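Values quoted throughout were computed directly from the atomic coordinates according to the rules given, and no laboratory measurement underlies them. Everything numeric here is computed off the predicted structure, so don't read it as measured data. Counting neighbours? That spans all protein chains shown, and the Cβs are built from the backbone with ideal geometry, glycine included.
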Amino acid sequence: MNAYDAGRMADLLYKSHKLSMVETPQQADLIILNTCHIREKADDKIFSELGRLKKLTKGHNSNKRYIFGVGGCVGQAQGAELFKRAPFVDLVFGPQNYHHLPHMLNQVLDGKRQLHDIEIPPESKFDALPSAPSSGFSAAVPVQEGCDRFCTYCVVPFTRGREWSRPVADILQEIKNLTEKGAIEIELLGQNVNAYLGHDPDGVEHDLALLIKQVSLVNGVERIRFITSHPADMNDDLIAAFGEVPQLNSYMHLPIQSGSDKILTAMERGHTVAEYLTWINKLKTTCPQITLASDFIVGFPGETEEDFQNTLNLIKEVRYGHAYSFLYSPRPGTAAADMKNIVPQEVGEERLSRLQELINTIQIEENQAQVGRVESVLVEGVAKKGEGMLAGRTSGFRRINFLAPEELIGTLANVLVTEARPNSLIGEFIRGNK
Ligand code: SAH
Ligand code: SF4
């Protein structure tokens with residue numbers, strides 16, 4: 001979602017001030033850091049990056065006036081406080097009001113300094129954004145933003161704001177624009193995308209499953225993905241969509257965070273491990289080739305070795321094709337930040353490395369299980385490594401490289417999987433097929 005926001009900021013500033021992207025910070029007039037606040041590490045990175053950028057103002061072209069902005073969730077969380085640590089920053093704003101950027105920039109050009117704008121506005125930023133001037137073959141479209149779940153460890157409800165769904169017509173219009181510019185895969189984005197509940201112009205309520213069906217009817221949409229879903233917002237219609245909508249990719253990112261009911265309760269995730277497994281089994285029944293993915297937090301306060309073993313057991317049972325895993329990071333303002341029974345850092349780190357080892361082993365086995373299958377691949381471009389190979393993604397979101405003519409870039413190609421690598425596949429293009 002941050003990548004989407006950054007792209008839209010660029011579109012907006014091109015339209016308002018004819019600013020275009022440059023290769024290096026030195027070449028820029030305006031430098032914006034679009035930031036993430038989810039874990040302390042991400043937060044720390046911003047201040048070290050700001051330290052590096054500050055040097056620009058002291059280098060050989062120090063008489064050049066750079067304008068610095070900090071947007072995204074760190075901007076939202078820190079507001080004017082950020083100027084105390086980085087007084088040379090001109091603009092601070094959040095993820096819900098970057099459509100004010102042209103106005104803020106005008107104020108800076110008029111001589112104002114240290115402006116901040118972090119009020120979550122009543123209007124939707126989407127109404128103020130210009131339509132994207134270009135599109136890649138795979139394009140992201142936010143359909144839902146913010147979160148009302150308040151999991152005890154998470155800053156998202158504070159930084160992205162409350163849960164909100166875009167109207168169906170706006171989403172379909174944006175998708176039409178993107179397909180006309182060359183997109184064939186649409187990725188529907190939301191912090192809790194399966195909590196989507198929007199309306200069409202007749203007032204008919206659409207959940208995510210119905211929205212996906214509408215998206216599949218837009219001319220030129222050959223593939224659909226959606227990310228990220230919450231187990232407590234699952235419904236049977238969404239699972240049925242995997243059997244009903246041919247363009248829907250066989251990939252589901254359904255984070256559980258922990259395999260222990262005790263920890264899920266402390267996180268206030270709103271479901272049990274057994275309920276989660278029921279959804280997983282339904283998904284596997286409807287779409288046997290589905291790639292399942294999850295996020296895990298290791299070392300949450302109160303996590304015992306037994307709780308952790310339950311997480312490992314869950315991973316072995318589900319057999320994820322891919323998973324993100326993080327050491328728990330206490331975040332200011334969240335309920336978990338005050339919890340006792342802190343797991344010592346070294347215990348957390350040791351558990352994290354065991355968990356990642358298991359995830360990697362299963363990922364490799366799952367990649368090997370793809371060998372011999374014919375996959376529909378979205379051909380994204382020339383492979384970075386590998387003579388003449390093209391690179392793409394399977395419907396299950398695995399990277400695959402294969403020899404084929406470059407005209408195939410931007411299309412769907414049928415590819416036979418011939419070899420599995422730890423993080424990707426190798427394949428053979430099947431001629432005669434689209
Ligand atoms: N809405 C999604 C996740 C959004 S945040 C969901 O509920 O699944 C992305 C991921 O960051 C989370 O799934 C979680 O694994 C991780 N995360 C969030 N807060 C964290 C924290 N305080 N410490 C460590 N990881 C965290
Ligand atoms: Fe954060 Fe996801 Fe929980 Fe919302 S559902 S509070 S985004 S982890």
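Given Cβ point charges of +1 (Lys, Arg) and -1 (Asp, Glu) and nothing else, what value in debye, to the nearest 20, does the dipole of the chain about its Cα centre take?
1400
Find which of Ile224, Thr265, Val108 sits farthest along the positive direction of the dipole of the chain, computed with +1 on the beta-carbon of Lys and Arg, -1 on that of Asp and Glu, about the Cα centre.
In the chain, that residue is Val108.
So which residue, out of Ser376, Ser48, Ser395, gets the largest mean-square fluctuation from a GNM of the chain using Cα contacts under 10 Å as springs?
In the Gaussian network model the winner is Ser48.
For a label point 7 Å from the Cα of Arg399 along Cα→C-beta, name the residues of the range 284-301 whose backbone N is under 20 Å from it.
In the range 284-301, the label zone of Arg399 (backbone N under 20 Å from the point 7 Å along Cα→Cβ) covers 291-295.
Which trypsin sites (Lys or Arg not before Pro) does the range 53-85 hold that lie in a coil by DSSP with at most 16 other beta carbons within 10 Å?
Of the trypsin sites (Lys or Arg not before Pro), the ones in loops of the range 53-85 whose Cβ has at most 16 other Cβ atoms within 10 Å are Lys64, Arg65.
So what is the relative contact order of the range 374-429, in percent, for Cα pairs below 8 Å that sit 6 or more residues apart?
Contact order relative to length: 36 percent.
Which distance in Å, rounded to a whole number, links the C-alpha centroids of the range 122-136 and the range 365-385?
Taking the Cα centre of the range 365-385 as reference, the centre of the range 122-136 is 33 Å away.
In terms of Cα to Cα distance under 24 Å, which lysines are near enough to Lys176, apart from those fewer than 8 places away along the same chain?
Those lysines meeting the cut-off are Lys15, Lys125, Lys213, Lys434.
If the cut-off is a Cα-Cα distance under 26 Å, which lysines reach Lys45, setting aside same-chain residues fewer than 8 apart in sequence?
Partners within reach: Lys54, Lys55, Lys58, Lys64, Lys84.
Given all pairs of different Cα atoms, what value in angstroms does the Kirkwood hydrodynamic radius of the range 137-182 take?
It works out to 12.3 Å.
Can you tell which of Leu101, Leu19, Leu188 shows the greatest fluctuation in a Gaussian network model of the chain with Cα springs below 10 Å?
Among Leu101, Leu19, Leu188, the largest mean-square fluctuation in the Gaussian network model of the chain belongs to Leu19.
Under a straight-distance cross-link criterion of Cα-Cα below 16 Å, which lysines are reachable from Lys41, leaving out those fewer than 8 residues away in the same chain?
Within the straight-line limit of under 16 Å, Lys41 reaches no lysines at all.
Using unit Cβ charges (K, R positive; D, E negative) and no other charged atoms, how large, in debye to the nearest 20, is the dipole of the range 374-429 about its Cα centre?
It works out to roughly 300 debye.
Which three extents, in angstrom, do the Cα atoms of the chain have along their principal axes, listed largest first?
63, 57, 52
Ranking request for peptides 207-216, 9-18, 262-271: highest mean number of other beta-carbon atoms within 10 Å first, then the rest in descending order.
Output ranking for 207-216, 9-18, 262-271: 207-216, 262-271, 9-18.
Calculate I(q)/I(0) for the range 1-157 by the Debye formula, one identical point scatterer on each C-alpha and no solvent, and give its log10 at q = 0.08, 0.13, 0.17, 0.20 Å⁻¹ to two decimals.
Treating every Cα as an identical point scatterer, log10 I(q)/I(0) equals -0.23, -0.63, -1.09, -1.48.
Share of antiparallel DSSP beta bridges in the chain, in percent to the nearest 5?
DSSP beta bridges in the chain are roughly 40 percent antiparallel.
Report the GluC sites (Glu not before Pro) located in the range 7-76 that are in a DSSP loop and have at most 12 other Cβ atoms inside 10 Å of their Cβ, or state none.
Passing both the DSSP loop test and the Cβ count: Glu23.
How do Met339, Met252 line up, fewest other C-beta atoms within 10 Å first?
The most exposed by this proxy come first: Met339, Met252.
Over what distance in Å are the Cα centres of the range 251-321 and the range 219-242 separated?
Centre-to-centre distance over Cα atoms comes out at 18 Å.
Give the residue list of trypsin sites (Lys or Arg not before Pro) in the range 122-181 that are DSSP loop and have at most 16 other beta-carbon atoms within 10 angstrom.
Here the sparse-neighbourhood loop sites are Arg162, Lys181.
What's the percent breakdown of Cα-Cα distances in the range 323-385 across 5 Å bins, shortest bin first?
In whole percents, the pair-distance histogram is 3, 12, 13, 13, 15, 11, 9, 8, 9, 5, 0.
Ratio of Rg to Rh for the range 154-286, alpha carbon only, Kirkwood?
0.99
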